[in-house]
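Computed from the coordinates by the stated procedures, all read-outs in this text should not be read as laboratory data. Please read these numbers as outputs of a predicted model, since none were measured by experiment. Using ideal geometry, Cβ is built from the backbone for each residue, glycine included, and neighbour counts are taken over all protein chains shown.
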Amino acid sequence: MRSILRKVILASAFGAAVALAGNSAMAATRVNVPFDFSIAGKTLPAGGYDIVHDGSKAFITLRSLDARESYTWLLNPGPAESSTKIALRFDDRDGNHVLQSVQYGSMTTPRLDHTKSIDLERQTRGQ
C-alpha cells in the first residue's frame, strides 16, 4: 500500500512539474541593432539579438544570436499606455551607444547604466 501511495505522489509531483514547465515557456522576440553598443562596459557588435521574456514576467534577457553574450534583468512596471511595445533605449556618448533600458510591453528594466547620473552629480558638486 505504501508503495502505491508513494508512486501516486511522485506521479502527481512529476505532472505538476511538467505543467509548470509548460506554463513558464519563454517568449522570444528577435531585434536587429544597427550599431555597436555597450552594456556594463562591454561592447557588443551590431546585429541580431533575441529578447527573451520568461513566463513569470519578472525577468527579461537580451541574448546574442550566437548565444555568446547574454544579459538578464528584473522588470518593473513601466509605461501603462503600451502593452505590446518592445524597445531598446540607448544613450549616445560621443558616438558610442550605451544600452539604458529594455521595455517589454508595460514592463521595463531600471536604468542599466548610471554613468550619466554620476557625471551630473559631479558637475553639481563642483559648482
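Taking region 31-47 as the region of interest, how many residues are outside any loop (DSSP other than H, G, I, E, B), surrounded by 12 or more Cβ atoms within 10 Å (Cβ to Cβ) and without any contact (Cβ under 8 Å) to a residue 24 or more places away in the chain?
As a first pass, look at region 31-47 and keep what is outside any loop (DSSP other than H, G, I, E, B): 31-33, 37-39, 42-44, 47.
So of that shortlist, the ones also surrounded by 12 or more Cβ atoms within 10 Å (Cβ to Cβ) come out as 31, 33, 37-39, 44, 47.
Still in the running and without any contact (Cβ under 8 Å) to a residue 24 or more places away in the chain: 47.
Total meeting the criteria: 1.
Taking region 58-92 as the region of interest, how many residues are assigned to a loop (DSSP other than H, G, I, E, B) and surrounded by 11 or more Cβ atoms within 10 Å (Cβ to Cβ)?
Filtering region 58-92 down to residues assigned to a loop (DSSP other than H, G, I, E, B) leaves 58, 65-69, 75, 78-85.
When the remaining residues are screened for being surrounded by 11 or more Cβ atoms within 10 Å (Cβ to Cβ), the result is 58, 65, 69, 75, 78-79, 82, 85.
Residues meeting the conditions: 8.
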